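The structure under discussion appears below in the form of structure tokens.
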Amino acid sequence: MSSKRQAEEQSGRDRKRQKLKDARTIPVQPNATAGPSTAPTIVQGKRLPATLDTEKFADARQFEIKAMHTSMKSANDSATHRTWQTLPRALRRRAASHNIRRMPIRLRDKARQEMKDTILKRKPLARLRPKHGKEKRVGRTESFIRRQKDKSWLETHIWHAKRMHMENMWGYRLAVTPTEKAFRPSHRASVHGSIIHDASYYATFQIRGPQNILNKILTLISDPQDIAPPGAPRYHSGFRTCETHIYEPHQYPYGFVGTATIIWKPRNLGTAQPLSKPSKKGKEKASEERTSTADMRTVWLRSHPSVSDTVFTAIKESASIALEAARATAPEDTVLEDVGIELEDISGQLNAFEIMGPKASQVLKGALTPISQDEREDFKKFWQSMSDLQSSGSLPRTMIIGLKVLDPRLKFPPKNAKPQITNTIVPIQPSSSLAQTELWDSSVRDNIRKPRYKKADIDERRSQHLVPGTKLDPLRQDDRIPVMLIQRAVEQDSSSSLSLYGWTLLVPAGWSMPFFSSLTYTGTRVAGQRERRVQAFEAGTGYFPHDYPLCATYEQVAKERETQDRTRWERTPPAKRHNYESTDTRSPWRADWEVVLGLQSSEADGLVTTQREPDAAEKDVIKPWLLRGRLVKSLVEKMIQPHINPSVSLYDELNTRCADRGLRMAATKPDALLQGALVRVKVTPKKRGNPHELAVIYFVEDEEIQLWQHHPADEFEIEDIAQGNKLWTTIPPQSDIIGYVTSGNFSLSQGSGFALGAISLSSLLRLKQQALRLKASEMVVKIRNRDGQMCRAAYIRMLD
């Protein structure tokens, strides 16, 4: 068989191996001799030819040398793999292609030879280049300051920027989500472990003045539906925080601004200086004695950064109203012209961390070390029980604990406290003594704003220990940092099994990284904005501002989302993107609340992508607003009673609540108040379904609800002889739209689809009456994703 035929029968892999083998083989001259020879003679044990032909000997050596050079060239040309490419796939790394130290030791010499030409052509490193114009270079600190012209960085920014996706939000550069896959691990950490979030971007305002005037100021801007006003004894004692919602003064139920937390300074922390000017005699002296230092109080109000300017303006406006009312009602022998209110923005003086999860208490106890000079018995009792807490949910809600701790770097690396299973539960009750902390003192915060020792100094002290890992003993000159712990709960109600509990840790400015490093060292996961929103979603509560429609911040977020979604949709080829016109999706980019409230006709030609403003006459009468609060459910139950006018009942109830707090309700008419109201709801699919954000909520007629009730599944076929289609694939008319989903996804805690949304109050009353008429225990609606072609049955419930 010929060699040509043999080559054709060989596989491609065999031919490639033969070619490589030939390229690496040195050819030998056949029958190469140095000339004619006779019988060999033995010279010193070696056989040599009797004679030597010099010319033939040189030709033979020439062939060998040429064959050697040719083989070397062909072998070099045939080498298609570099050294790092010959490694097993499990050991291959991109860095090995240019970093010799990434290679195994046995292959480094060969790799260094291959990279010789590359190394010669490589540019020198920046630190090795000539330092021309060194005086014109920008330093690292100055460079960071320049990069913060249009936004601010948190103290933990560099740590987050290396590990998380960052975005500009509300004037800050904030972490959105980790770069690793962390959706499910973050949820497991909040349910079974611990997770931390840097919330130092929250705005903090300090208000100082007489207690009666502060009570009036806070009442004017707080929600009238709260259990108690912010000036109630349960709050002004200083051992609980007041979680409320801020409204513009005398604009309730309109003028919603955002959420807020109010903290009173405990009375027994010392006295403050009076705000009135010194008087010398007569009635002015008596007035000064009445405005004693015991009546001067300090309040912190923490709010979302997106509404900080609006909250600051509302506080100033309410302070003016409160001072005018105090002067008008003051006795004749009292002089209050010189009494004022101090309002200060101290956002840059405080940092905050939110540690959530059942192990949050053990993490805090392992990272923090209280000073030994603290002699408070109630604090010792609390700190001793910290490690045994299965969850901070067993403590009173929003209780405050003040303490002073040592520099956490002295105890680094920390170890979580180990809980001990005991049958005895030590009851912990909030008190003013337990809430004492020097964090309220601005002079103390200023003195420790910069740590006395850098991390390098602490490491140098640690290196002097003979036993590595030994904790440092605190010295007299080491910093003692005042901090504040606040019990935090993300829950719909106290009986919910989906609630999340943890702590809010307030520390002085300048100490974020020392505390953050210790809190994260023990395996605590770090959360961004997405993880924080998911916590509220899994607990079934609203997250500000995404689940608070009609407020200014929600409109800003909705506009940004519309721009992103529309840009992504327009970038997608027409054959690959969803056709919203074919599925009759009216507003695919943002929720059309004007249609939901009936302020705009649902019948329109073409695709509507933005909200439209109602007529001027109609806008003056009907204002969209959000009905929310702890008493919403009882209010709705009263409105559906027979022989009751819902609009009049709503108006009277809200007016009564405002009057009980000494507030004046915004001027409006009962019918306009009812028509412009939105109510937040929870949406749970009946069987299957996963509602997403901007999913449409439809009203369902009685006949269709009866069919759902008598069928075991929500996907059933109704054979219509005329049309022959399925009921769930029939898209309802736009006139049946009653609301939209604001947050929706697959709930990991419930194991099914879940959503939070909002519907009109008139539609909620209609659903309530329908459920009573059909004797159904749940209100039933239909939901459809904006890019979906199938409607799902779902249960709907009111959300406080």
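The values are calculated or read from the model by the stated rules, or taken from the named source; none is laboratory data. As the structure is a prediction and not an experimental result, all values here were calculated from the model. Note that we place each Cβ from the backbone using ideal geometry, even for glycine, and neighbour counts take in every protein chain shown.
Would you call K633 closer than 21 Å to L799 by Cβ and at pLDDT below 90? When the stated conditions are applied, K633 passes them. Scanning segment 354-375 for residues that are of a type in the set (D, E, K, R) and surrounded by fewer than 16 Cβ atoms within 10 Å (Cβ to Cβ) yields D374, E375. Remark: A672 falls outside the filter, which requires a residue to be modelled with pLDDT under 90 and under 38 Å from the mean Cα position of the chain (by Cα).
Among the residues of segment 154-165, just one is buried (at least 18 other Cβ atoms within 10 Å of the Cβ) and assigned to a strand (DSSP E or B), namely M164. For residues that are out of contact with any Leu (no Cβ under 6 Å at 6 or more places or on another chain) and surrounded by fewer than 22 Cβ atoms within 10 Å (Cβ to Cβ), scanning just segment 738-752, find the one that is nearest to F544 (Cα to Cα). That would be N745. Residue pairs whose Cβ atoms lie under 8 Å apart, sitting 6 or more positions apart in sequence or on different chains, and linking a residue in segment 689-716 that is within 22 Å of L764 (Cβ to Cβ) and modelled with pLDDT of 80 or more to a partner that is part of a helix (DSSP H, G or I) and hydroxyl-bearing (S, T, Y), are F699/S763.
When restricted to residues that are more than 31 Å from the chain's Cα centre (by Cα) and not in a helix (DSSP H, G or I), segment 750-780 contains 6. Scan segment 84-98 for residues that are in a loop (DSSP other than H, G, I, E, B) and among the charged types (D, E, K, R) and jot them down. Once the filter is applied, which keeps residues that are in a loop (DSSP other than H, G, I, E, B) and among the charged types (D, E, K, R), segment 84-98 yields R92, R93.
Go through segment 625-669 residue by residue and tally those that are more than 39 Å from the chain's Cα centre (by Cα), in contact (Cβ under 8 Å) with a residue 40 or more places away in the chain and part of a helix (DSSP H, G or I). So the answer is 1. Annotation for segment 191-208: no member residue is free of Cβ contacts under 8 Å to residues at least 40 places away in the same chain and either in a loop (DSSP other than H, G, I, E, B) or crowded, with 20+ Cβ neighbours inside 10 Å (or both).
Within segment 759-773, restricting attention to residues that are over 13 Å from P646 (Cβ atoms) and either of a type outside the set (A, V, I, L, M) or in contact with a helix residue (DSSP H, G or I) (Cβ under 8 Å, 6 or more places away or on another chain) (or both), the residue that is surrounded by the most Cβ atoms within 10 Å (Cβ to Cβ) is I759.
Each residue in segment 553-601 was checked for being acidic (D, E), surrounded by fewer than 15 Cβ atoms within 10 Å (Cβ to Cβ) and more than 26 Å from H245 (Cβ to Cβ), and 3 of them qualify.
For segment 781-800, give me the residue count where each residue is in a strand (DSSP E or B), over 20 Å from G542 (Cα atoms) and either modelled with pLDDT of 90 or more or touching a Phe, Trp or Tyr at 6+ places or on another chain (Cβ under 6 Å) (or both).
Of segment 781-800, the ones in a strand (DSSP E or B) are 781-784, 792-798.
Filter once more, keeping what is over 20 Å from G542 (Cα atoms): 781-782, 784, 792-793.
From the residues that got through so far, the ones that are either modelled with pLDDT of 90 or more or touching a Phe, Trp or Tyr at 6+ places or on another chain (Cβ under 6 Å) (or both) too are 781-782, 784, 793.
Total satisfying the criteria: 4.
Inspect all residues belonging to segment 550-564 and state whether any of them is more than 25 Å from Y254 (Cβ to Cβ) and touching a residue at least 40 places away in the same chain (Cβ under 8 Å). No, there is no match, as no residue in segment 550-564 is more than 25 Å from Y254 (Cβ to Cβ) and touching a residue at least 40 places away in the same chain (Cβ under 8 Å). Each residue in segment 357-414 was checked for being in a loop (DSSP other than H, G, I, E, B) and aromatic (F, W, Y), and 1 pass.
Do you know which of the residues in segment 93-115 that are of a type outside the set (K, R) and within 39 Å of the chain's Cα centre (by Cα) is nearest to H81 (Cα to Cα)? Give the steps one after another, and end with the answer.
As a first pass, look at segment 93-115 and keep what is of a type outside the set (K, R): 95-100, 103-105, 107, 109, 111, 113-115.
Of the ones still in play, those that are also within 39 Å of the chain's Cα centre (by Cα) are 95-99.
Working: A95: 16, A96: 14, S97: 11, H98: 14, N99: 17 Å.
Ranking the candidates gives S97 first.
Residue count for segment 442-468, restricted to those that are in contact (Cβ under 8 Å) with a residue 24 or more places away in the chain and in a loop (DSSP other than H, G, I, E, B): 6.
If only one of P210, P230, P249, P253 is of a type outside the set (S, T, Y) and in contact with a Cys (Cβ under 8 Å, 6 or more places away or on another chain), which one is it?
Working: P210 fails: in contact with a Cys (Cβ under 8 Å, 6 or more places away or on another chain); P249 fails: in contact with a Cys (Cβ under 8 Å, 6 or more places away or on another chain); P253 fails: in contact with a Cys (Cβ under 8 Å, 6 or more places away or on another chain).
Criteria check complete, one pass: P230.
Only one of (1) surrounded by fewer than 19 Cβ atoms within 10 Å (Cβ to Cβ); (2) more than 30 Å from Q789 (Cβ to Cβ); (3) not aromatic (F, W, Y) fails for N690. Which number is that? Status for N690: all satisfied but (2).
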